[in-house]
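Student: Next up is a structure, given as structure tokens.
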Amino acid sequence: MNKGREQLLGIFAISAVLLMVGDKFVLQPLTEGWKARTARIEDLQKKVTAGGKLLERDRSVRDKWNAMRATALTNEVSLAESQALRAFERWGREAGVNISGLKPQWKRANEEYQTLECRADATGSLSSLARFLYQVEKDPLAMRVDVVDLTTRDTEGRNLTMSLQLSGLVLTPKRNENVAK
């Protein structure tokens, strides 16, 4: 009876070791592989869905991009500076502020675009300076307000000076660019 019991225990021990080895070297790698594949498939499905939505919006995205290209400053350095100066004059005239100390400076970001940074001082009342900022923001020209600093010139705060920095976008055309497919 002892021999039969020992054989039975030996068979259970060998079976347990085989099950552990099978689990460690066969079942776990297969399970992890299936989980990784499932996650990759879900990720790819999300990307396909996002791509489909982008294709559905193709015309509106292209129209928006063309509108952005149209409102960007021109590639010609002197013409771009002239556009910015005329815009400052127009904004100042419409808001009733005096513009002084306008200094344009070019910054090359990368191959695709560069920016024209303009520093200027504007003087006027609080309401006229607010109108000036509104004119800048509502203008279709691709100019963005980066820095604004307000200081008062009198004790009542009726005459204010606003120092500001604006950045204008200049898109650099690529060779063989095909925008309107």
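The values are calculated or read from the model by the stated rules, or taken from the named source; none is laboratory data. In this text the structure is predicted, and so the values were computed from the model without any measurement. A quick note on method: Cβ atoms are made from the backbone with ideal geometry, for glycine too, and the neighbour counts reach across all protein chains shown.
Student: Conditions: (1) over 16 Å from Leu164 (Cα atoms); (2) more than 25 Å from the chain's Cα centre (by Cα). Asn66 meets all but one. Number of the miss?
Tutor: For Asn66, the exception is condition (2).
Student: So, one more: With respect to Lys138, is the statement that it is charged (D, E, K, R), touching a Cys at 6+ places or on another chain (Cβ under 8 Å) and more than 16 Å from Ala72 (Cβ to Cβ) true?
Tutor: The answer is no for Lys138.
Student: Can you list residue pairs whose Cβ atoms sit under 7 Å apart, with the first residue in region 46-70 being assigned by TED's automatic domain parsing to the domain that holds Tyr113 and at pLDDT below 85 and the second being among the aromatic types (Phe, Trp, Tyr) and not in a helix (DSSP H, G or I)? Count only pairs 6 or more apart in sequence or on different chains.
Tutor: none
Student: Could you check region 86-181 for strands (runs of 3 or more DSSP E) lying wholly inside it with 1 or more residues that are of a type in the set (Asp, Glu) and more than 26 Å from the chain's Cα centre (by Cα)?
Tutor: On the way: elements: 98-108, 113-124, 143-152, 160-171.
In region 86-181, 113-124 are the strands (runs of 3 or more DSSP E) which contain 1 or more residues that are of a type in the set (Asp, Glu) and more than 26 Å from the chain's Cα centre (by Cα).
Student: Let me ask something else about it. What about Ala80, is it in contact with a Leu (Cβ under 8 Å, 6 or more places away or on another chain), surrounded by 18 or more Cβ atoms within 10 Å (Cβ to Cβ) and modelled with pLDDT of 90 or more? Let's see the steps before the verdict.
Tutor: Details: in contact with a Leu (Cβ under 8 Å, 6 or more places away or on another chain): yes; surrounded by 18 or more Cβ atoms within 10 Å (Cβ to Cβ): yes; modelled with pLDDT of 90 or more: no.
For Ala80, the condition - in contact with a Leu (Cβ under 8 Å, 6 or more places away or on another chain), surrounded by 18 or more Cβ atoms within 10 Å (Cβ to Cβ) and modelled with pLDDT of 90 or more - is not met.
Student: Any idea which of (1) surrounded by fewer than 11 Cβ atoms within 10 Å (Cβ to Cβ); (2) at pLDDT 90 or above is the one Met20 doesn't satisfy?
Tutor: All conditions pass for Met20, except number (2).
Student: Also: Can you pull out every residue in region 143-171 that is of a type in the set (A, V, I, L, M) and either in contact with a Lys or Arg (Cβ under 9 Å, 6 or more places away or on another chain) or surrounded by fewer than 17 Cβ atoms within 10 Å (Cβ to Cβ) (or both)?
Tutor: Val145, Val147, Val148, Leu150, Leu160, Leu164, Leu166, Leu169, Leu171
Student: Restricting to region 103-125, name every residue that is of a type in the set (A, V, I, L, M, F, W, C) and buried (at least 17 other Cβ atoms within 10 Å of the Cβ). Please lay out each step first, then the result.
Tutor: Just the residues of region 103-125 that are of a type in the set (A, V, I, L, M, F, W, C), to begin with: 106, 109, 116, 118, 120, 122.
Across region 103-125, the qualifying residues are Leu116, Cys118, Ala120, Ala122.
Residues are listed down the side, and each one gets a yes or a no for (1) in contact with a strand residue (DSSP E or B) (Cβ under 7 Å, 6 or more places away or on another chain); (2) among the small types (Gly, Ala, Ser); (3) modelled with pLDDT under 90:
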| residue | (1), (2), (3) |
| --- | --- |
| Gly101 | yes, yes, yes |
| Glu111 | no, no, yes |
| Ser128 | no, yes, no |
| Lys138 | no, no, no |
| Val148 | yes, no, no |
| Gly157 | no, yes, yes |
| Met162 | yes, no, no |
| Asn178 | no, no, yes |
